[in-house]
Each structure stands twice: as C-alpha cells, then as structure tokens.
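Peer 1: First, the structure itself, so that you have it in front of you.
Coordinate-derived values only; no laboratory data. Treat the numbers as computed from the prediction; the structure is a model and nothing was measured. Quick reminder, even Gly has a Cβ in these numbers, built from the backbone with ideal geometry, and neighbours come from all protein chains shown.
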Amino acid sequence: MTRKLEELFDFPSGDAPAEESSLTVEETRVALVEIDATIDKIDAALPAVRDLDTSDKELDEIAELAKESYQNLSDLGMNVDSRFSAELFAVAGTMLGHALTAKTTKLNKKLKMIDLQMKKLKLDQDRKGDPDAEPMETAHGQILSRNDLLERLIGSRDQNDNKA
C-alpha cells in the first residue's frame, strides 16, 4: 500500500506493527447481549405493522411451491430422454429463481420497514428535544401571474444569450 493511501485512510504505516484489538471473553459476552437486545427490539417493532405476517406467509408459500416445482421438474428431467431434458432443466432453474426472488422480496420488505421505523424514531426524538420549536421554513415562494412568470423566463433567457 502506498503512503498516500495510508495517510488518506488513516491506516497504520506498513513499517509499524499493527495493534491488535481483541476483546476479552467478558466484553464479547456483553456485546452479544447488547446485540441480542437490539435484535429483540427490532423484532418486537415489526409486528406493529399490519399484514406483515400475512404477506410473509404468502411469500414463504410461493418460495416453497417454487422449490417443490424445481425438485419435481429436476426429477422429471432425469427420467426423460436427454433431448427433452434441457427444456425441463431450464424451467426448473426458473422455478428456483422464483423461490429466490420471493425470499429476497421478503427480506427487502423487512429491511424497508426497519428503515422507516428508524426514521420515524429519529423524527420523534428530534421533536422531543425541542417541543416548542416551530417547523423550520424550508423555502420562500411568490405568487406570480402567468404573464409575470413568462416575462421573467424570457428576461433570464435574454441575459444568458447576451453573456454567450
């Protein structure tokens, strides 16, 4: 690694021995307990959203049906003539792809729910910090007629043409 990269990313230089950061057994246990508590909080928060379990079950059923179809088509592909088995194996692969897609969709949905809940928690915490604070003004606006707007647009176009 070059010295510039080491300096840029604050890595220890290649000349100096790297310090090992190992946790003791007790520190590891404490960290695991904290991680378990965090996971339990996330799992407890997920059922608060309606119909999450229903769609999870449906996606699991789709994945299971696709896996069964894959297995059946693979077995059939092994028992037919080789010139016909290629198409059966292609369809079996597609079924396996559907199973994977169903599982991925389920996980993405859970991650999105967690992300939304974390954003909501952050907003709630921000509001608790200063309950008397009024919403911040984010933009200024003007009411213009159509003609005023056209005059401004034409004027800015003329200024841009004069600069070029």
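Peer 1: My understanding is that a pair violates if its Cα-Cα distance is over 24 Å; which of Lys106/Lys128; Lys41/Lys109; Lys57/Lys109; Lys41/Lys110; Lys41/Lys128 do that in this structure? It would help to have the intermediate numbers written out before the result.
Peer 2: Numbers: Lys106/Lys128 33 Å; Lys41/Lys109 17 Å; Lys57/Lys109 13 Å; Lys41/Lys110 14 Å; Lys41/Lys128 20 Å.
As for pairs spanning more than 24 Å Cα to Cα, those are Lys106/Lys128.
Peer 1: Next up: Tally Lys and Arg at +1 and Asp and Glu at -1 over the other residues with C-beta under 14 Å from the C-beta of His98: what net charge comes out?
Peer 2: Residues close to His98 contribute a combined charge of -2.
Peer 1: Let me ask you something else. Rounded if a/c is under 1.5, else prolate if a/b beats b/c, else oblate: with a ≥ b ≥ c from the C-alpha gyration tensor eigenvalues square-rooted, which is the stretch 27-129?
Peer 2: In terms of gyration-tensor shape, prolate.
Peer 1: Please report the net charge: other residues with Cβ closer than 12 Å to the Cβ of Glu68, K and R +1, D and E -1.
Peer 2: Value of the local net charge: -2.
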